[in-house]
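Below you'll find the structure, written out as structure tokens, and then a few comments.
The values are calculated or read from the model by the stated rules, or taken from the named source; none is laboratory data. Because the structure is predicted, anything quoted here is derived from the model rather than measured. No Cβ is skipped: glycine too gets one built from the backbone with ideal geometry, and neighbour counts run over all protein chains shown. Each accessible area value is taken on the protein alone, full model and side chains, heavy atoms only, with ligands, DNA and RNA left out. Shrake-Rupley method; radii C 1.70, N 1.55, O 1.52, S 1.80 Å.
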There are 2 protein chains.
Amino acid sequence: MAIKKQRAVRRTDALSKERIVEAAIEILDSDGEGALTFRTLAAHLATGSGAIYWHVANKDDLLAAATNDVIARVMADLAGGARPREAIRALALGLFDAIDAHPWVGTQLSRAPWLAAIPQIFEGFGSRLEELGVPEGAQFDATSTLVIHVLGVAGQNAANARLHAHRTDRTAFLSEIAQQWAQLDPARYPFVHRVAAQLPEHDDREQFLAGIDLILGGIEAAHPGPSPRT
Amino acid sequence: MAIKKQRAVRRTDALSKERIVEAAIEILDSDGEGALTFRTLAAHLATGSGAIYWHVANKDDLLAAATNDVIARVMADLAGGARPREAIRALALGLFDAIDAHPWVGTQLSRAPWLAAIPQIFEGFGSRLEELGVPEGAQFDATSTLVIHVLGVAGQNAANARLHAHRTDRTAFLSEIAQQWAQLDPARYPFVHRVAAQLPEHDDREQFLAGIDLILGGIEAAHPGPSPRT
DNA sequence: CATGGGAATGGAACAACATTCCATCATTGC
DNA sequence: GCAATGATGGAATGTTGTTCCATTCCCATG
């Protein structure tokens, strides 16, 4: 009854959590994680920092909302029902691409396991594993391994992005690290030495997917389901 | 020649990077990540914050040194040469236990891929996979999948620890999350619903190891080595 | 044995930040 | 119309990482 004439409250440019989150995402995407402060955000919204706190509990709350926003969009785009294994790969790649496009999402995911986005991701992987024929007792471990892989890559990607921001391009940066690795004692680090050469030219996305396939392979090897067709 | 009488410089309690890192680790371990500031550190060392900057570039430098310190100790303890697969599991568990004991290490690992500790971890896993008979072309992907799993769990563990700090015990905290998960729409989140019950009582360490085994299973399934004995 | 200069020190000062406070304004139910 | 509540915006507040700088210590050189 009280919700009668709740038309556009105040001016058309009234503040709201949605508008604040939207502005925050813009700042994060265009200028990076370090650029989001309540001052820049207030300036962007042409208001004061105090007003923002009326709609948002604190910075963590704001970042969580922004992260959930991005992830929810990804999950919505991936409703389609391909075969389970393909659906898992598609979901993983969708998440990777979103994290790659918004590196700050990676930072959030890797430090906030209680985010609303997490059960969504869990559901996405878990229900597909169910379809794949993974026995119930093994679903939790298998799903969490997939989720951990996504979150792990998310964190590393975000960390890399924090460096790229003020450095040269990605390949040059990886070459620097490869050079450091190549300078380690070859007797004690033979493997690192061998791999250093592949570092600058490797594709993060392909390596991420290779990891997903490895895990899926392990799951199928442990539980050869009733359907041998992958 | 110039390095002649460089005995104990200054007083016996002279500042040094080692002593600073040592003190930082003490603070991090006993009072958590949030407790480490240059002021508390200076108080702990009975000096001023300016003096610390003579030995340490900045806070990131300090945290990196502390992290490398802890990881280097773990790696040193695990030199032993069991069979490759067992060695990989032992290394993974060693890292998990260290991260579990020092959650702040997890935070660092999941946000700093250029740490000196990373190539050490890479070498640890990679050289064992070589022994396992994984072909050279597949070693990079397989190793990075194992490393990502460790780093992913590291980040999640650290995030959980940040919450426990001021809450009740761990089981109670997981029960809270499980309750939130259980309140989601069962029609849209059937899997999450089923898994919520297992959440409070599950063992992070076992689940971590299950993930490692899943990945190892995938590696072996993809590359059935010359040695069928695991 | 003095002494000058670089290595170290410690604490004050600075800038940036998240957050809180509060005086003010707009809107709405009465 | 008027009080009460919903929102606002900007000025404090307290804490942080970092810088600055006057001072102290030690060593090599005269």
### Task
Heavy atoms only, probe 1.4 angstrom, no DNA, RNA or ligands counted: give me B:54, B:104, A:114 ranked by accessible area, highest first.
B:54, A:114, B:104
### Task
Note down the magnitude of the dipole of region A:57-222 about its Cα centre, charges +1 on Lys and Arg C-beta and -1 on Asp and Glu C-beta and zero elsewhere, to the nearest 20 debye.
360 debye
### Summary
By the Kirkwood definition, with r running over pairs of different Cα atoms, chain B has a hydrodynamic radius in Å of 20.3 Å
### Task
Provide an ascending nm list, one decimal, of label-point separations from residue B:183 to the equivalent residue in each further copy; define each label point as 7 Å from Cα along Cα→Cβ.
5.4
### Task
Pick out, from A:14, A:161, A:44, the residue whose Cα sits farthest towards the positive end of the charge dipole of chain A, with +1 on the Cβ of Lys and Arg and -1 on the Cβ of Asp and Glu.
A:14
### Value of [θ]222 nm, deg cm²/dmol, for chain B, DSSP H segments ≥ 4, -39500 (n - 2.57) each, nearest 500
-22000 deg cm²/dmol
### Message
Assume the label is 7 Å from Cα along Cα to beta carbon: what separations in nm does residue B:200 have to the matching positions in the other copies?
### Response
5.5
### For chain A, the longest site-free run once trypsin sites (Lys or Arg not before Pro) in DSSP loop states with at most 12 other Cβ atoms within 10 Å are removed
A:12-166
### Task
From the P(r) of the protein assembly as shown, can you give the percent of Cα pairs sitting at distances over 38 Å?
28 percent
### Message
Under the convention of a label 7 Å out along Cα→Cβ, give the distances in nm from residue B:30 to the same position in every other copy, shortest first.
### Response
4.8
### Query
Counting partner chain Cβ atoms within 10 Å of every residue's Cβ in B:56-62, what's the average?
0
